[in-house]
Amino acid sequence: MKEIILLTISGEDKPGVTSSITQILAGFQVNVLDIGQAVIHNTLSLGILIEVPKSAESSPILRDLLFKAHAMDMKVRFQPIDEADYEEWVLAQGKSRHIITLLARKVTADHIAVVTDIAARHGLNIDKITRLSGRLSLDDDASTRNKACVEFSVRGASGDMSQLRGEFLHAASELDVDIAFQEDNIYRRNRRLVVFDMDSTLIEAEVIDELAKEAGVGEQVAEITEAAMRGEIDFNESFRRRVGLLKGLDASVLESVAARLPMTEGAESLVSHLKALGYKTAILSGGFTYFAEHLQDKLGFDYVYANQLDIVDGVVTGEVTGEIVNGERKAALLRELAIKEGISLEQTIAVGDGANDLPMLSIAGLGIAFRAKPLVRQSAKQAISTLGLDGILYLIGFRDRDAAL
């Protein structure tokens with residue numbers, strides 16, 4: 001039988017702990033089977049799973065480790081591991097792995113208790129828990145734009161993935177948090193293209209509603225917009241009806257409307273970080289090119305596809321030129337961009353809020369319903385409602401300190 005021991009060293013974090021311990025192990029030619037370390041509030045917890053060679057089985061290795069830990073004012077624990085248990089643990093590495101991401105303004109024990117209970121009831125075992133967000137000051141007001149994110153790496157497979165996702169979605173709604181559940185695969189760490197809807201996603205407004213107010217038909221257009229966003233009216237039909245109501249609007253109004261459009265929380269931060277990290281970005285909008293290009297100039301999007309509002313002699317005609325960018329067109333454009341960039345759809349991310357965004361959300365490797373209507377949230381793979389757009393960085397595994405680069 002091989003001698004396998006789990007060492008657990010804990011105490012105040014300081015430089016040289018891992019070095020001192022492993023130097024002793026090296027002196028006895030020990031094999032390191034696994035190693036992990038975490039530091040929480042300057043308290044270190046270091047675990048090392050070792051295989052002691054036969055030549056060292058009668059050596060003073062444990063005594064030396066105990067003395068060294070005492071000298072560093074650290075606690076050490078030795079736990080023998082049965083060889084059969086170890087081999088069973090090795091075989092478990094082939095199980096499927098997923099990432100659960102909890103996002104909130106401030107994470108509470110209740111949030112974690114609910115998330116981990118759901119995971120446990122579905123047979124998922126937590127391997128690792130990581131805080132992706134920065135440290136929060138106690139003076140921070142939780143009602144402001146704080147961000148908190150905890151990531152759980154889990155292994156195992158639920159017998160009913162649909163039910164699992166449903167429970168996470170229900171819990172997120174009840175707790176006023178966001179809970180994402182993704183397969184932990186190579187694509188998650190290699191996304192290359194992010195496409196966005198514009199209205200009510202990149203900006204906190206529906207441009208056509210703002211134009212309608214200027215034209216004096218705000219209520220009529222808003223009613224049609226809401227029905228379309230709920231999926232009650234075909235997008236093409238609703239779009240033509242709304243644009244038709246803008247007939248006669250002075251085109252000079254477009255500039256003033258563009259200047260006052262409110263940017264969504266986290267939009268500028270997200271796009272700037274994505275660009276710094278080498279991602280390609282695009283706007284795929286059922287709105288108008290004039291406003292999408294305004295955002296492109298401001299934030300630096302690589303691609304823009306939207307509807308061209310027809311203007312003759314400085315007046316809106318109530319028509320659009322070219323093919324309408326509806327839900328199906330957005331999905332087709334996403335496919336075209338993926339081919340153009342030489343990547344697979346699994347390497348794409350799509351973000352939107354309306355029913356006409358569902359086709360592109362469904363084919364993207366990571367489809368995110370952002371502050372969306374219930375129908376869209378339920379249909380999308382992931383949803384974010386409590387944080388700003390920059391919360392998307394957490395879903396692709398970035399920490400606050402990474403995003404600051």
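The values are calculated or read from the model by the stated rules, or taken from the named source; none is laboratory data. Only a predicted model underlies this, so the values are computations on that prediction, with no experimental measurement involved. Because the Cβ atoms are built from the backbone with ideal geometry, glycine has one as well, and the counts that use them run over all protein chains shown. Ligands, DNA and RNA are excluded from the accessible area calculation, which covers all protein heavy atoms including side chains. Shrake-Rupley method; radii C 1.70, N 1.55, O 1.52, S 1.80 Å.
Observations
- Top positive-direction residue, dipole computed over the chain with Cβ charges, set Gly367, Leu102, Gln79: Gln79
- Protein accessible area in the chain, 1.4 Å probe - carbon and sulfur %: 49
- Residues whose placed amide H lies under 5 Å from that of Glu3, excluding near-sequence neighbours: Val52
- Qualifying trypsin sites (Lys or Arg not before Pro) for the range 219-262 [loop in DSSP, other Cβ within 10 Å: at most 14]: Arg230, Lys247
- Using the Karplus relation 6.51 cos²θ - 1.76 cosθ + 1.60 with θ = phi - 60°, the per-residue 3J(HN,Hα) values for the range 106-119 come to 8, 7, 10, 4, 5, 4, 5, 4, 5, 4, 6, 5, 4, 4 Hz, with x marking Gly and Pro.
- Orientation-averaged projection of the range 200-290 equals 6.7 nm² [convex hull of Cα atoms, one quarter of hull surface area].
- Residue-normalised accessible area of the range 18-78, given per residue in Å² at a 1.4 Å probe: 63
- Square roots of 5 times each gyration tensor eigenvalue, C-alpha, the chain, largest first, Å: 53, 20, 19
- Histogrammed with a bin width of 5 Å, the alpha carbon distances of the range 236-343 distribute as 2, 11, 18, 21, 20, 14, 9, 5, 1 percent, first bin at zero.
- In this entry, the range 137-216 is assigned a mean projected area of 9.9 nm², taken as a quarter of its C-alpha convex hull surface.
- Range of Cα positions in the range 284-405 per principal axis (Å), largest first: 51, 33, 33
- Computed accessible area, Met74, all protein chains, 1.4 angstrom probe, square angstrom: 20
- Over the chain, dividing the summed -39,500 (n - 2.57) contributions of all DSSP H runs of at least 4 residues by the number of residues returns a 222 nm mean residue ellipticity of -11000 deg cm²/dmol.
- Put the Cα centre of the range 369-385 next to the Cα centre of the range 9-35 and the gap is 46 Å.
- Global geometry of the range 75-175, whether rounded, prolate or oblate, following the gyration tensor of its Cα atoms and the 1.5 cut on a/c: oblate
- Rounded to the nearest 20 debye, dipole of the range 47-152 from Cβ charges on Lys, Arg, Asp, Glu: 480
- Put a plus charge on the Cβ of each Lys and Arg, a minus charge on the Cβ of each Asp and Glu, and nothing anywhere else: the dipole of the chain about its Cα centre is then about 1100 debye.
- Counting 0.36 nm for each residue step from Lys54 to Ile112 and taking away their Cα separation leaves a gain of 16.5 nm.
- Ordering Tyr279, Phe301, Gly388 by Cα displacement along the dipole of the chain toward the positive end leaves Tyr279 in first place; charges were set at the Cβ atoms of Lys, Arg (+1) and Asp, Glu (-1).
- Across the alpha-carbon atoms of the range 299-353, the computed radius of gyration and Dmax are 14.6, 45 angstrom.
- Heavy atoms of the protein chains alone define the surface here; on that basis the range 249-368 has 39 Å² accessible area per residue at 1.4 Å probe size.
- Sequence of His98, His41 when ordered by accessible area, the most exposed leading, probe 1.4 angstrom: His41, His98
- Taking the Cα centre of the range 206-348 as origin and assigning +1 to Lys and Arg Cβ atoms and -1 to Asp and Glu Cβ atoms, the resulting dipole is close to 340 debye.
- Of every Cα-Cα pair in the range 1-134, the percent that sits beyond 19 Å: 61
- Qualifying GluC sites (Glu not before Pro) in the range 36-126, DSSP loop, other Cβ atoms within 10 Å at most 11: Glu57
- For the range 35-104, a/c is not less than 1.5, where a ≥ b ≥ c are the root eigenvalues of the C-alpha gyration tensor, and a/b does not top b/c. That puts it in the oblate class.
- The H on the amide N of Asp184, modeled in the peptide plane, is under 5 Å from the matching H of Arg97, His98, Ile99, each at least 5 residues off or on a different chain.
- Amide H contacts under 5 Å for Ala251: Val315, Val316, restricted to partners 5 or more places along the chain or on a different chain, H placed in the peptide plane at 1.01 Å from N.
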